[in-house]
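Some notes on the structure that comes next.
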Amino acid sequence: IIKRCRNTVSLENLKKTFLITSGSPINKNKSYGGGVYQISINCDTWDCEKIYNGNCYGVLKVGTRIYVVDENKGIIEFDKNLKIKNIHKIEKGLRPHGLAHCNNSKRFFLCCTDKDQIIVFNDKFKILKKIYISEKIKKNNIKNHHINDCTVIEGKLYVSMFSISGNFNKEIYDGSILEIDVDQTQKNNVITNRLWMPHNISYYDGSIHVLNSFKGELLAYNLNVIGKFPGFARGLDFDQNYYYVGQSRNRNFSKLLGNSLNTSIDSGIIIFEPKNKISRFIQLHPKLAEIHSVLLI
């Protein structure tokens with residue numbers, strides 16, 4: 001009991017600063033709408049400040065620079081003081097989401113949801129090649145897989161998507177993690193195809209982590225459920241003690257009827273301590289309905 005109380009006190013006394021992104025419609029209001037927000041927690045109080053206005057999805061730190069995916073403007077490059085240093089333009093109509101970086105090859109990888117493809121850039125954001133998940137889009141001209149996020153681990157690109165078969169439009173959610181060799185992109189492996197709207201694939205503590213978003217689950221260590229949350233889980237980071245999980249309003253909550261006894265409509269950040277399975281919730285403005293990424297700074 002004493003140990004558990006000490007863990008609770010540590011969580012209550014947490015001091016931490018991080019960024020979140022939202023792809024919600026742009027709004028001039030400083031408390032909600034699409035953009036980048038800085039959240040600063042000081043024990044039992046917290047502040048949420050919008051620092052950039054836009055339809056934003058992936059966020060990535062490389063060295064001292066922070067890169068944010070803006071659906072309309074491209075890749076926004078911030079310095080360590082969160083000042084815009086560059087805007088790397090990308091083509092329209094991609095609906096870009098996740099962004100990853102390979103330190104060895106100095107390449108960036110951008111998930112393009114509406115094109116079923118990953119664009120590979122060099123460190124100056126010049127396009128090197130495009131990796132298609134399948135040939136389906138070339139035949140039917142619609143997105144089939146709904147790819148979301150990606151990460152690079154030891155020369156392999158790992159991509160999360162709603163459907164590996166390309167049938168999510170037909171209500172087939174064989175959500176997957178696909179492993180792609182970044183040099184020989186025709187070589188790939190399906191790690192799993194049993195997820196439901198997965199996002200935010202990451203690599204912590206020598207293990208692949210992913211959010212099984214629709215079911216509100218955090219998977220790790222052979223993709224076992226190590227945490228479960230009451231909302232749509234999207235946005236993930238880890239500081240070796242706590243997971244920081246974004247919770248968005250589930251736009252498809254009616255599909256959960258019969259699968260869940262309680263679905264939260266609140267938006268915010270769940271700070272989850274995995275050893276003792278305890279958490280606290282940082283509630284954000286009710287109109288900030290969509291959180292896509294979390295980045296500790």
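The values are calculated or read from the model by the stated rules, or taken from the named source; none is laboratory data. Note that this is a predicted model, so its numbers are computed, not measured. Reconstructed Cβ throughout: ideal geometry from the backbone, glycine too, with neighbour counts over all protein chains shown. The protein model used for the area step is the full one, side chains on, heavy atoms only, and it has no ligands, DNA or RNA in it. Shrake-Rupley method; radii C 1.70, N 1.55, O 1.52, S 1.80 Å.
Some points to look at:
- Restricting attention to the range 27-46, the residues that are touching a strand residue (DSSP E or B) at 6+ places or on another chain (Cβ under 6 Å) and either at pLDDT 95 or above or outside any loop (DSSP other than H, G, I, E, B) (or both) add up to 10.
- Some residue of the range 223-237 being of a type in the set (Lys, Arg) and under 24 Å from Leu11 (Cβ atoms): yes
- Pairs, first without any contact (Cβ under 8 Å) to a residue 12 or more places away in the chain in the range 121-146, second surrounded by 11 or more Cβ atoms within 10 Å (Cβ to Cβ), C-beta under 7 Å, six or more apart: Ile127/Ile119; Ile127/Phe121
- Within the range 244-275, considering residues that are in contact with an Asp or Glu (Cβ under 8 Å, 6 or more places away or on another chain) and modelled with pLDDT of 95 or more, the one farthest from Glu12 (Cα to Cα): Gln247
- Pairing each residue of the range 52-72 that is under 15 Å from His199 (Cβ atoms) with any residue that is part of a loop (DSSP other than H, G, I, E, B), provided the two are 6+ apart or on different chains, yields C-beta distances under 8 Å for Cys56/Gly23; Cys56/Gly34; Cys56/Glu71; Cys56/His292; Tyr57/Gly23; Tyr57/Glu71; Tyr57/His292; Gly58/His292.
- Residue in the range 62-72 that is in a strand (DSSP E or B), open to solvent by less than 10 Å² (accessible area, probe 1.4 Å) and acidic (Asp, Glu) present: yes
- Residue match in the range 159-170 (condition: charged (D, E, K, R) and in a loop (DSSP other than H, G, I, E, B)): no
- Residue, nearest to Asp114 (Cα to Cα), within the range 152-161, restricted to residues that are open to solvent by less than 20 Å² (accessible area, probe 1.4 Å) and either in contact with a helix residue (DSSP H, G or I) (Cβ under 9 Å, 6 or more places away or on another chain) or small (Gly, Ala, Ser) (or both): Met161
- Of all residues in the range 1-46, exactly one satisfies the criterion of being within 21 Å of Phe78 (Cα to Cα) and loosely packed, with under 11 Cβ neighbours inside 10 Å, namely Lys28.
- From the options Asp174, Asp149, residue that is open to solvent by 10 Å² or more (accessible area, probe 1.4 Å), among the charged types (D, E, K, R), within 21 Å of Leu99 (Cβ to Cβ) and modelled with pLDDT of 95 or more: Asp149
- Filter result (open to solvent by 30 Å² or more (accessible area, probe 1.4 Å), in a strand (DSSP E or B) and within 18 Å of Ile201 (Cα to Cα)) within the range 84-106: His101
- Remark: pairs (first residue in the range 74-90, without any contact (Cβ under 8 Å) to a residue 60 or more places away in the chain and closer than 14 Å to Phe109 by Cα; second residue crowded, with 17+ Cβ neighbours inside 10 Å and of a type in the set (A, V, I, L, M, F, W, C); Cβ separation under 6 Å; 6+ apart in sequence or on different chains) = Gly74/Ile90; His88/Ile75; His88/Phe125.
- Whichever residue in the range 177-226 is open to solvent by 60 Å² or more (accessible area, probe 1.4 Å) and of a type in the set (D, E, K, R) and, among such residues, is modelled with the lowest pLDDT: Lys187
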